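Heads up: the structure comes next, in structure tokens.
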Amino acid sequence: MADSKETIKASFTAPTHKVVDGVQIDLTAEEVDAILDEWTDNEHARQVDEDANGYKSNRQAAYPALADQLDMQYWDSVNGTTIWKDHIAKVKSDNPKPS
């Protein structure tokens, strides 16, 4: 679940300066707030996306390579087993789609 924006913002270390044409310039309070707000919005959006779509990358990481899946399917058809189907069902149940 995505953290609150206040929690996210508090987790950042505020920048103190920027470099313009090789010269270090101190940031104003308004610039610091604007940067922190932008970082917070980006991180919050990333967390919301992870909540909604993270199961996809988790499933992709858990699935065997396509060549291995095809081999499983071949041997399932030869041996009358359901190893491939069972494996895919387990990946899906271990990484459910959010409702």
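The values are calculated or read from the model by the stated rules, or taken from the named source; none is laboratory data. Because the structure is predicted, anything quoted here is derived from the model rather than measured. Here the Cβ positions follow ideal geometry from the backbone for every residue, glycine too, while neighbour counts run over all protein chains shown. Accessible surface is based on the protein model in full, side chains and every heavy atom, while ligands, DNA and RNA are left aside. Shrake-Rupley method; radii C 1.70, N 1.55, O 1.52, S 1.80 Å.
Overview of values
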| read-out | value |
| --- | --- |
| Per-region count, region 5-32, residues in contact with a helix residue (DSSP H, G or I) (Cβ under 9 Å, 6 or more places away or on another chain), open to solvent by 70 Å² or more (accessible area, probe 1.4 Å) and assigned to a loop (DSSP other than H, G, I, E, B) | 1 |
| Residue satisfying all of: in region 79-99; among the polar types (S, T, N, Q), part of a loop (DSSP other than H, G, I, E, B) and under 25 Å from residue 1 (Cα atoms); most open to solvent (accessible area, probe 1.4 Å) among these | 99 |
| Some residue of region 57-78 being open to solvent by 50 Å² or more (accessible area, probe 1.4 Å), more than 22 Å from residue 92 (Cα to Cα) and not hydroxyl-bearing (Ser, Thr, Tyr) | yes |
| Pairs where the first residue, in region 28-53, is under 13 Å from residue 6 (Cβ atoms) and touching a residue at least 24 places away in the same chain (Cβ under 8 Å) and the second is surrounded by 15 or more Cβ atoms within 10 Å (Cβ to Cβ) and among the small types (Gly, Ala, Ser), C-beta under 7 Å, 6+ apart | 44/2 |
